[in-house]
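Contents: one structure, followed by commentary.
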Amino acid sequence: QVQLVESGGGLVQAGGSLRLSCAASGRTFAAMGWFRQAPGKEREFVAAISWSGGRTVYADSVKGRFTISRDNAKNTVYLQLNSLKPEDTAVYFCAKRDTMGVAITEHEYNYWGQGTQVTVSS
């Protein structure tokens, strides 16, 4: 049984940084991703990483500011958030696929964490 637990969210001023972590249990030889959901909006893709870490994909809105990485020895995926903007405020969710290739749509992910709140003040 796969469990995903996110941590690292919080309140930060615009221009600041946070690092989110997602600790996974169970079989972890698979691609993983981060999504976010702002109040009143649908959940949207943020970033994804292949099992090996050799391929990453980002939403245009975060490209150049966010970095996804993983440490397979620790079964953990990270999302480094830099140059944060108020519009980055959202609940951030970690997700895992059952396959190794990256994906950018929700339905391609099989497991989800509970989310961690990121709030960016102006």
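The values are calculated or read from the model by the stated rules, or taken from the named source; none is laboratory data. Since this is a predicted model, take the numbers as computed values, not measurements. With ligands, DNA and RNA removed, areas are computed over all heavy atoms of the protein, side chains included. Shrake-Rupley method; radii C 1.70, N 1.55, O 1.52, S 1.80 Å.
On the first, second and third principal axes, largest extent first, how far apart are the outermost C-alpha atoms of the chain in Å?
Dimensions of the chain along the principal axes of its Cα atoms: 40, 27, 23 Å.
With the contact rule set at Cα under 8 Å and sequence spacing of 6 or more, what percent relative contact order holds for the stretch 18-122? Kindly include the intermediate steps, with their values, before the conclusion.
Details: 223 pairs, mean separation 34.6, N = 105.
Across the stretch 18-122, relative contact order equals 33 percent.
In Å², and per residue, what accessible area does the stretch 12-122 have when probed at 1.4 Å with the other protein chains present?
Numbers: 5490 Å² over 111 residues.
Computed with neighbouring chains in place, this is 49 Å² per residue.
What percentage of the solvent-accessible surface of the chain, computed with a 1.4 Å probe over protein heavy atoms, is contributed by carbon and sulfur atoms? Provide the component values of the computation, followed by the final result.
Numbers: 2970 of 6240 Å².
Carbon and sulfur together cover 48 percent of it.
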